[in-house]
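Below is one structure, written out as structure tokens, with a few remarks after it.
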There are 2 protein chains.
Amino acid sequence: MNKKSGSVGLVKPQLIAFEEALPLQNGQVLPRFELMVETYGQLNAAKSNAILICHALSGHHHVAGKHHENDKHSGWWDNMVGPGKPIDTERFFVVGLNNLGGCHGSSGPLSINPVTGKPYGADFPMVTVKDWVHSQARLADYFGIEQWAAIVGGSLGGMQTMQWAIDLPERVRHAIIIASAPKLSTQNIAFNDVARQAILTDPDFHAGHYSEYETLPRRGLRIARMMGHITYLSEDGLGHKFGRQLRHGDYQFNYDVNFEVESYLRYQGDKFAEIFDANTYLLMTKALDYFDPASDYQDCLQDAFQRIQAQCFVASFSTDWRFSPERSHEIVRALIAAEKSVQYLEVQSHHGHDAFLMEDEAYMRGMYAYLDKVAKEVA
Amino acid sequence: MNKKSGSVGLVKPQLIAFEEALPLQNGQVLPRFELMVETYGQLNAAKSNAILICHALSGHHHVAGKHHENDKHSGWWDNMVGPGKPIDTERFFVVGLNNLGGCHGSSGPLSINPVTGKPYGADFPMVTVKDWVHSQARLADYFGIEQWAAIVGGSLGGMQTMQWAIDLPERVRHAIIIASAPKLSTQNIAFNDVARQAILTDPDFHAGHYSEYETLPRRGLRIARMMGHITYLSEDGLGHKFGRQLRHGDYQFNYDVNFEVESYLRYQGDKFAEIFDANTYLLMTKALDYFDPASDYQDCLQDAFQRIQAQCFVASFSTDWRFSPERSHEIVRALIAAEKSVQYLEVQSHHGHDAFLMEDEAYMRGMYAYLDKVAKEVA
């Protein structure tokens, strides 16, 4: 496992405009849109070595590298993407984007609504995983990529990968679906709705037009994130990290931080509430709720997967209780029933759902091996 | 299972005043206090047939029966307590109370603070499971009960049962501990803190003195309850009940109720926010967080249990992920290691944590059998 190598170094995002109208699943049409994108590595002459990275709920285009010399943080998947890393930028041309509806530069609630001249806010259309796939296909066209060597995504990103492989089967050679699910469970939807209600009922939400009131629904977003965070971590992992450790050695009999885990969660919530857009959070959770590719095929996932031409790699993590291994088994079973090519890796990890962002050894090794195969096909 | 019989009928709560000061774990002293109590059945001459029911987070004294002829709802454990039921009111004298700090008539945040002449609100002292046991011991004294035939509690109620058996061992003949845990896990504490933060940051909370502002922190309490509710139900149970059932047959692309589970949760939250006191909710969750009987014994649960004289009955439910069967195993293992008498029942149920309030057959049968033994000892 000493294969891990360097960083892609300094990177620069680019904003790409798409002037052709995009019809959306909800019946609305985006007359034009922009996507914030980063790329790493070189697209080969045959344009056959491109990998698309689809991001999860709070992700974006900045996947790897740094934006300036003193940048404290690298991209969100810097451990996976770079020279000599599993998604090897010396072999692949890697594309990261901020999805439509995002808050990191792509067209979304923070963009100016041409009709009003003010930010869209809550008026930005509710986009879905299918809409993202269509917008990402425009991005592939922009780069002249007819077929992705691989599309890779964790969590909500894995859902985009699946939808791509179903909707545009000839354009995906490998579908890498990590810590994902073929649709949300009732409990998943329930947690999402509590998060949304926290935001929607925050008095500073102002029906989603908080920017006009020069405020932010920080309280609601903070609560949503704190709760979300619990579901991203495993019970074991949380216990291992914080246990019942006390901040001041003894009970304080007040509502300040008593247990260290409280401090951690509040900090995560505070930080997120400052940097993430609440309208984006809302619509991302709806995209999760609405993802259900089998619903177009009489609720038969096998039939939905029948269209797939890609070879599939599915990975899950033992302590992920948001999208448990059982949810990946559903995917794998349906792929096998549809007689598709699938490899499955179940990783022992105490990192819960967040494990897809971590470096558990079996996971990294599995990704190395699979992507090495993908790269060799290209060469 | 046709043993289930009638209701205790119409019942009347009584408010009992205790004029002797109660020192609390946090160092404060309650100069006097009142407990709202209901009793069912007859105390025998030897006063040996009394059962104490300890309630969970949102419970109270009204355990069984109705308050008036047109009462739509019976007490919260009416399926367990009544003539011919497992806790048989023809054999036992059953005592239910609202705990100190509650909002159903006992001394708590809604009571008048003698110092200010206004409701305590946030100034009501933070009480603990130990404090509750001491206040309940006063109640036992009031009735002249030297030893409870049994103390019975589910969830936070089971914690009170354990604390009784440890702190006042000679006063408990049987300890019935249902769907409980020897202390909260990190994840349990994390969920509690998110719930508290939702309440504490609600602009209508006013540092806990909302009554002076003639308002209620409904938003925060609603979010806390919605989230709590998810943790009370099993993933299976939620899925079984609501699945991905849509309110209007199709996606609505808005934030109103789309999935039926959203309607259910919001309704539960709305209802709770109208009837429950936020300060009580806060302090009850802290009592949960702080419960940790082993902490007085160098974190050795076996040593804590060494003091127990009661025979113990422990029950857990397969799909309870708030206090999973594994948490009950910890209790059972420590009791066995301490060479105490313990019976353990693990019930297959899809009701999650709430199963302790439900009527899964093995559970009811187990409770019948155990309490029949308790009753026969008395007779």
- Item | Charge dipole of chain B about the Cα centre (unit charges at C-beta), most positive-ward option of B:Leu265, B:Ile308, B:Met367 | B:Met367
- Inter-centroid distance (Cα atoms) of region A:328-354 relative to region B:27-94, Å: 51
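With a cap of 14 neighbouring Cβ atoms within 10 Å, and only residues DSSP puts in a loop, list the GluC sites (Glu not before Pro) found in region B:170-240.
Passing sites in region B:170-240 are B:Glu214.
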- Item | Whole-Hz couplings from phi, Karplus 6.51/-1.76/1.60, listed for region A:311-322; x for Gly and Pro | 7, 10, 10, 10, 10, 9, 10, 4, 9, 6, 9, 6
- Item | J(HN,Hα) series, region A:225-233, from Karplus relation 6.51 cos²θ - 1.76 cosθ + 1.60, nearest Hz, glycine and proline x | 5, 4, 5, x, 4, 4, 6, 7, 9
- Item | Mean separation of Cα contacts under 8 Å, 6 or more apart, over the residue count of chain B: relative contact order % | 17
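First obtain the Kirkwood hydrodynamic radius of the protein assembly as shown from its Cα pairs, then insert it into the Stokes-Einstein equation at 25 °C and 0.890 mPa s, and state the resulting D in µm² per second as a whole number. Display every interim value, and only then the final one.
Numbers: Rh = 28.1 Å.
Calculated translational D: 87 µm²/s.
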- Reachable lysines, given that their alpha-carbon falls under 22 Å from the alpha-carbon of B:Lys130 and they are not under 8 places away in the same chain: B:Lys183, B:Lys286, B:Lys340
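With Cβ to Cβ distances under 13 Å as the rule, what net charge do the other residues near B:Thr116 carry (K, R +1; D, E -1)?
Values: positive: B:Lys118; negative: B:Asp123, B:Glu212.
So the surrounding residues net to -1.
Using a Förster radius of 56 Å, what is the FRET efficiency between B:Asp123 and B:Glu90 based on their Cβ-Cβ separation? Nearest 0.05, please.
It comes to 0.80.
For chain B, compute Rh as the Kirkwood radius over C-alpha pairs and then the Stokes-Einstein diffusion coefficient at 10 °C and 1.306 mPa s; write the answer in µm²/s, rounded to an integer. Could the numbers behind the result be given before it?
On the way: Rh = 21.4 Å.
After rounding, the answer is 74 µm²/s.
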- Message: Check which residues have an amide H placed less than 5 Å from B:Ile308's amide H, if you skip close sequence neighbours.
- Response: none
- With label points built 7 Å along Cα→Cβ from the Cα atoms of B:Arg247 and A:Ala379, find their separation and express it in nm. 5.6
- Task: Calculate the mean, over all residues of peptide B:225-235, of how many other protein chain Cβ atoms lie within 10 angstrom of the residue's Cβ.
- Result: 4
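Quantify how strongly other chains surround peptide B:254-262 by giving the mean number of their Cβ atoms within 10 Å of each of its Cβ atoms.
Working: counts 4, 12, 0, 1, 5, 8, 2, 7, 8.
Other-chain Cβ atoms within 10 Å of each residue's Cβ, averaged: 5.
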- Of the GluC sites (Glu not before Pro) in region A:1-88, those whose Cβ has at most 16 other Cβ within 10 Å and which sit in DSSP loop: A:Glu19, A:Glu20, A:Glu69
- For the pair A:Glu339 and B:Ser263, the simple spin-label estimate (label points 7 Å beyond Cα toward Cβ) gives in nm 4.3
- Which residue, B:Gln163, B:Gln343, B:Gln252, has the most motion in a Gaussian network model of chain B that connects Cα atoms within less than 10 Å? B:Gln252
- Label-point gap, in nm, between B:Glu361 and B:Gln309 - each point 7 angstrom along Cα→Cβ: 4.0
- Copy-to-copy spacing for B:Asp299, label 7 Å out on the Cα-to-C-beta vector, in nm, shortest first? 4.9
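Quick check for me: using +1 on Lys/Arg Cβ and -1 on Asp/Glu Cβ, what's the dipole size of chain A about its Cα centre, in debye to the nearest 20? The partial results should precede the final answer.
Working: 34 positive and 45 negative charges, 105 e Å.
Charge dipole, chain A, about its Cα centre: 500 debye, nearest 20.
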- Query: HN-Hα J couplings of region A:363-368 from phi, Karplus 6.51/-1.76/1.60, θ = phi - 60°, integer Hz, Gly and Pro as x?
  - Reply: 5, 4, 5, x, 5, 3
- Message: For A:Tyr213, project a label point 7 Å along Cα to C-beta. Then give me every residue of region B:195-218 with its amide nitrogen under 20 Å of that point.
- Response: B:198-207, B:215-218
- Name the most mobile residue of B:Ile177, B:Ile112, B:Ile331, meaning the one with the largest mean-square fluctuation, in a Gaussian network model of chain B with Cα contacts below 10 Å. B:Ile112
- Query: Most mobile of A:Gly352, A:Gly228, A:Gly108 per a Gaussian network model of chain A (Cα springs, under 10 Å)?
  - Reply: A:Gly228
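How well do other chains shield peptide A:237-244, expressed as the mean number of their Cβ atoms within 10 Å of each residue Cβ? Don't skip to the end; give the middle numbers.
Details: counts 2, 6, 4, 1, 1, 4, 3, 11.
So the per-residue partner count for this stretch is 4.
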- Enumerate by residue number the trypsin sites (Lys or Arg not before Pro) in region B:183-259 meeting two conditions: DSSP loop (anything except H, G, I, E, B), and at most 15 other Cβ atoms within 10 Å of the site's Cβ. B:Arg247
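Here, each number is a calculation from the coordinates, and none is a lab measurement. In this text, all values refer to a predicted model and were calculated from it rather than measured experimentally. Backbone-built Cβ (ideal geometry, glycine too); neighbour counts: all protein chains shown.
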